[in-house]
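The values are calculated or read from the model by the stated rules, or taken from the named source; none is laboratory data. In this text the structure is predicted, and so the values were computed from the model without any measurement. Positions of Cβ are generated from backbone atoms using ideal geometry, with glycine treated the same way; all protein chains shown enter the neighbour counts. Note: areas computed on protein heavy atoms with side chains; ligands, DNA, RNA excluded. Shrake-Rupley method; radii C 1.70, N 1.55, O 1.52, S 1.80 Å.
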Amino acid sequence: AGYSPNSDFYQQRLSIAGDSIAYGFNAYGFIPYEHNYAQESVSMWNLNGFTFCGGCGLVEAIGYNQPSLLYMSIGMNDVNMNSPEIYANQYASVISDIRSCSPDTVIVVAGISPVGAESMYTTNDIIRSYNSALQSAVEGMKSDHVYYFDAYSVLCDEYLNLRYDCAVGDGIHLQPHCYEDQLTAL
């Protein structure tokens, strides 16, 4: 299993929802398989096309399992598909749906991680604009059960790019120790 200062806590209580970057928490052993709601290519614009936990949609699966702590990290696949405002509004709607069916779940909404300077996929300026819209939407919910987490700042270097030690080669996905860094910061 992956290690962080609170590994036992996270192994027992943390569930992860998101895209391939979020899936790393499960792939590298930081959370058990049964706490994983992350898959490759998930985004806000195509979220309804994915199933979790034997055929359930994301909101339904979370409602069924009632996790105590949910870390959501969705967005890298959105940055080239719509606007920051549309993305943030869709995200806020999904959070509201989750809160309706799982009201005791504490939701940590992670900002989109930076990309490496060599990445041709998107720019960090675009990612920061999406993160700004997302942070505003989360803070606008004024909920003591929903928090914004600045994962971008945890993973960026002094030039605001993905830290060199974090990239796995594509400038987007993360090395195992970067998940430990995020959990330590969390």
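Scanning the stretch 30-39 for residues that are outside any strand (DSSP E or B), in contact with a helix residue (DSSP H, G or I) (Cβ under 6 Å, 6 or more places away or on another chain) and touching a residue at least 24 places away in the same chain (Cβ under 8 Å) returns a single hit, F30.
For V115, the requirement of being in contact with a Gly (Cβ under 8 Å, 6 or more places away or on another chain), hydrophobic (A, V, I, L, M, F, W, C) and crowded, with 17+ Cβ neighbours inside 10 Å is met.
Would you check if there is a residue in the stretch 131-146 being open to solvent by less than 60 Å² (accessible area, probe 1.4 Å), modelled with pLDDT of 95 or more, over 19 Å from P84 (Cα atoms) and touching a Pro at 6+ places or on another chain (Cβ under 8 Å)? Yes, the conditions are met somewhere in the stretch 131-146. Among the residues making up the stretch 81-97, those that are surrounded by 18 or more Cβ atoms within 10 Å (Cβ to Cβ) and either touching a Lys or Arg at 6+ places or on another chain (Cβ under 9 Å) or not β-branched (V, I, T) (or both) are P84, Y87, A88, Q90, Y91, A92. Of all residues in the stretch 40-80, exactly one satisfies the criterion of being open to solvent by 50 Å² or more (accessible area, probe 1.4 Å), touching a helix residue (DSSP H, G or I) at 6+ places or on another chain (Cβ under 8 Å) and under 15 Å from Y91 (Cα atoms), namely W45. Scanning the stretch 10-29 for residues that are assigned to a helix (DSSP H, G or I) and not β-branched (V, I, T) yields a count of 11.
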